[in-house]
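Asks: The structure is given below, and queries will be raised subsequently.
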Amino acid sequence: MASRKILITGGAGFIGSHVVRLMVNRYPDYHIYNLDKLTYAGNLENLRDVESKPNYTFIKADIVDGEKMQSLFQEHNFDGVIHLAAESHVDRSISNPMEFIMTNIVGTVSLLNAAKASWKNFEGKLFYHVSTDEVYGSLGEEGFFTEETKYDPHSPYSASKASSDHLVRAYHDTFGLPIKISNCSNNYGANHFPEKLIPLAIHNIKNSKPIPVYGKGENVRDWLYVEDHASAIDLIFHKGKVGDTYNIGGFNEWKNIDLIQLLCKIMDQKLGREEGTSAKLITYVKDRAGHDLRYAIDAAKLNRELGWKPSLQFEEGLEKTVDWYLSNEEWLQHVTSGDYQKYYEGQYIKR
Ligand code: NAD
Ligand code: TYD
């Protein structure tokens with residue numbers, strides 16, 4: 001008998017697949033259930049190395065389906081939930097907000113209801129909600145987001161995540177549901193769908209296609225290697241205080257244009273191109289509507305209380321990421337065929 005049954009939602013996505021892999025391998029006495037709808041962003045190829053492990057089960061389902069969530073919770077009596085399933089791309093939230101409202105808000109409430117109804121006694125149970133720093137809004141040149149920063153989301157994506165954070169806290173305050181929340185900065189690493197800046201730029205550089213930089217490229221993001229995010233989630237899940245929020249970040253701010261320049265340099269080296277070749281692909285394009293200027297996380301609480309800090313320097317992580325994409329040609333080909341072409345055309349060619 002597995003000692004704990006853990007439900008991970010969105011485990012076939014970018015971050016979720018790293019969390020699933022870590023939990024399956026690190027805790028052989030847990031049983032990990034990965035529940036995923038397999039949208040365009042969900043990909044079971046991300047989990048080939050864990051799918052035959054005895055402590056792993058995949059469930060294809062939509063978190064918006066409340067009845068299904070109730071019956072799964074009744075059937076399996078999960079001890080804990082790590083909730084990552086979401087629509088996650090800001091540009092898609094601008095063109096189709098409703099999908100974000102359904103999955104990120106209604107889907108989260110349907111999971112909360114299932115947990116509340118099936119967990120007659122909350123003892124030893126935990127609902128851990130994985131969220132983003134984008135709920136805090138946009139910073140100027142100075143300052144950092146702390147756990148006390150007031151929510152001020154701007155995009156439909158960040159507004160939907162803010163709403164789900166509030167609902168998770170509301171179930172704690174109103175019904176006593178044991179919860180934890182973490183808000184993390186921008187992740188990068190293997191298995192990242194090439195709609196987000198870093199994997200999209202790697203894909204385009206590889207194919208000598210334009211690298212679209214929004215506006216003047218002066219927006220700032222704080223980048224964290226995805227495996228460091230996964231290790232923080234593990235730590236918070238096991239050692240964090242129930243009811244608390246933790247910020248997770250890399251203390252690693254980059255202006256988009258500087259990041260792209262660095263990536264071009266790494267790609268030139270890896271592809272054996274003359275230095276400066278890839279940078280010629282940089283193309284400034286129309287800015288994103290409502291584009292937040294700067295995100296920067298203060299992760300001091302997580303460091304102080306649980307001893308977490310990022311393990312990799314950015315240059316090292318970026319190189320590892322480029323290596324992964326260059327040696328996983330088939331993965332990239334699969335995810336960029338079909339619907340991706342339509343998305344790319346709508347987003348960039350007709351921009
Ligand atoms: P992703 O888009 O790569 O993956 C999302 C996963 O959720 C996919 O596997 C998809 O199939 C699944 N999913 C979507 N709708 C679903 C539904 N209705 N029912 C069940 N499954 C569904 O996202 P990601 O980048 O891995 O992000 C995971 C979580 O982490 C999200 O909650 C996101 O808000 C949060 N987050 C992401 C970042 C980042 O930089 N990517 C940073 C901080 C927080
Ligand atoms: P993205 O990876 O979409 O993450 P988020 O919007 O959640 O921070 O974008 C990171 C930054 O890169 C953001 O400032 C928008 C910018 N960007 C571009 O300049 N070009 C692109 O093609 C994309 C996808 C993003």
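Asks: Being within 29 Å of His154 (Cα to Cα) and more than 12 Å from ligand 1 (Cβ to nearest atom) narrows it down to one residue among Asn104, Asn113, Asn55, Asn121; which is it?
Replies: Details: Asn104 fails: more than 12 Å from ligand 1 (Cβ to nearest atom); Asn55 fails: within 29 Å of His154 (Cα to Cα); Asn121 fails: within 29 Å of His154 (Cα to Cα).
Asn113 is the lone residue from the list that is within 29 Å of His154 (Cα to Cα) and more than 12 Å from ligand 1 (Cβ to nearest atom).
Asks: Moving on to the next point. Please work out which one of (1) over 30 Å from Gln333 (Cα atoms); (2) assigned to a helix (DSSP H, G or I) is the condition Glu45 fails and give its number.
Replies: Exception for Glu45: condition (1).
Asks: Separate question: Hey, could you check the range 181-199 for residues that are in a strand (DSSP E or B) and open to solvent by less than 10 Å² (accessible area, probe 1.4 Å) and say which is nearest to Ala12 (Cα to Cα)?
Replies: Out of the qualifying residues, it is Tyr188.
Asks: Say we look at the range 62-80 and pick out the residues that are more than 15 Å from Asn121 (Cα to Cα) and among the polar types (S, T, N, Q); which of these is surrounded by the fewest Cβ atoms within 10 Å (Cβ to Cβ)?
Replies: Ser71
Asks: Given the residues Tyr151, Tyr157, which is the only one that is open to solvent by 10 Å² or more (accessible area, probe 1.4 Å), aromatic (Phe, Trp, Tyr) and either part of a helix (DSSP H, G or I) or in contact with an Asp or Glu (Cβ under 7 Å, 6 or more places away or on another chain) (or both)?
Replies: Of the residues listed, the single one that is open to solvent by 10 Å² or more (accessible area, probe 1.4 Å), aromatic (Phe, Trp, Tyr) and either part of a helix (DSSP H, G or I) or in contact with an Asp or Glu (Cβ under 7 Å, 6 or more places away or on another chain) (or both) is Tyr157.
Asks: Now a separate question. I'd like the full set of residues that are within 16 Å of ligand 2 (Cβ to nearest atom), over 14 Å from Ser158 (Cβ atoms) and not in a helix (DSSP H, G or I), limited to the range 74-101.
Replies: Selection gives Leu84, Asn96.
Asks: Can you name the condition, by its number, that His334 falls short on among (1) without any contact (Cβ under 8 Å) to a residue 60 or more places away in the chain; (2) out of contact with any strand residue (DSSP E or B) (no Cβ under 9 Å at 6 or more places or on another chain)?
Replies: (1)
Asks: Would you mind telling me which numbered condition in (1) buried (at least 20 other Cβ atoms within 10 Å of the Cβ); (2) more than 10 Å from ligand 2 (Cβ to nearest atom) Glu142 fails?
Replies: All conditions pass for Glu142, except number (1).
The values are calculated or read from the model by the stated rules, or taken from the named source; none is laboratory data. Predicted, not measured: the structure shown is a model, and the values here were computed from it. Cβ: placed from backbone, ideal geometry, glycine included. Neighbour counts: every protein chain shown. In case anyone asks, the SASA skips ligands and DNA or RNA and just uses the protein heavy atoms, side chains included. Shrake-Rupley method; radii C 1.70, N 1.55, O 1.52, S 1.80 Å.
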